[in-house]
Amino acid sequence: MEVAGISAPTVTVFISSSLNSFRSEKRYSRNLTIAEFKCKLELVVGSPASCMELELYGADDKFYSKLDQEDALLGSYPVDDGCRIHVIDHSGVRLGEYEDVSRVEKYEMSSEAYDRRQNTVRSFMKRSKIGPYNEELRAQQEAEAAQRLSEEKAQASAISVGETDFKPGYWVGVRYDEPLGKNDGSVNGKRYFECQAKYGAFVKPSLVTVGDFPEEDYGLDEM
């Protein structure tokens, strides 16, 4: 008894192009004409169908043939799963031109035009008084920030004050009794006070209590 092989109605192939460096895995009907197939490839590679030249490669990347008969069916060529169809573009576009998004003209909307739109995230936030559009919450946050700054200023007033360059705000230089710090009293090459390496640190005034305190005795000498 003779058994005839029946090809599947569709075939899964890889699409490559002279316009870019990547490959796409796609499935197509074997009943497409080459002309119809080229039209579908326009959406994949970006090349006009009229400017395409198609080459068929096997799964081992060995060249099989050109797909150059416009009215022939895709299935009439030795196209099988895993084959690669390479699109050569003759439109004059350079390699990688479609990959460089910086060359794509972008639509930009002014802030005023965006404000006039109703179905936007910004209009929803305004209507719902969320985030920066919640005036009460923003006023409360500003008041709390001002209060914290005032408290830090008051706490820092009890300490010898200088200016720091590494971060804005109020900072207190601390010299530890043990090597629990992060520096030697200098930051980024600028010295603020003297101490040994790892004995110095800078902290916020709220973490410092000013006073004359006896040195802690951890009993280390008895060990």
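Pairs under 6 Å by beta carbon, first residue assigned by the TED database to the domain that holds Lys26 in the range 36-58, partner open to solvent by less than 40 Å² (accessible area, probe 1.4 Å) and of a type in the set (Lys, Arg), six or more apart or different chains? Matching pairs, first to second residue: Ala49/Lys38; Met52/Lys38; Tyr57/Arg84.
Once the range 133-148 is narrowed to residues that are exposed (fewer than 11 other Cβ atoms within 10 Å of the Cβ) and not hydrophobic (A, V, I, L, M, F, W, C), the residue that is farthest from the chain's Cα centre (by Cα) is Gln147.
Leu149 meets the stated requirement of being without any contact (Cβ under 8 Å) to a residue 24 or more places away in the chain, within 11 Å of Pro205 (Cα to Cα) and in a helix (DSSP H, G or I). Within the range 178-196, the residues that satisfy the criterion of being under 18 Å from Phe166 (Cα atoms) and assigned to a loop (DSSP other than H, G, I, E, B) are Gly181, Lys182, Asp184, Gly185, Asn188, Gly189, Tyr192, Phe193, Glu194.
The values are calculated or read from the model by the stated rules, or taken from the named source; none is laboratory data. None of the values given here were measured: they were computed from a predicted structure. Cβ: placed from backbone, ideal geometry, glycine included. Neighbour counts: every protein chain shown. Remember, those area values only see protein heavy atoms, side chains included, never the ligands or the DNA or RNA. Shrake-Rupley method; radii C 1.70, N 1.55, O 1.52, S 1.80 Å.
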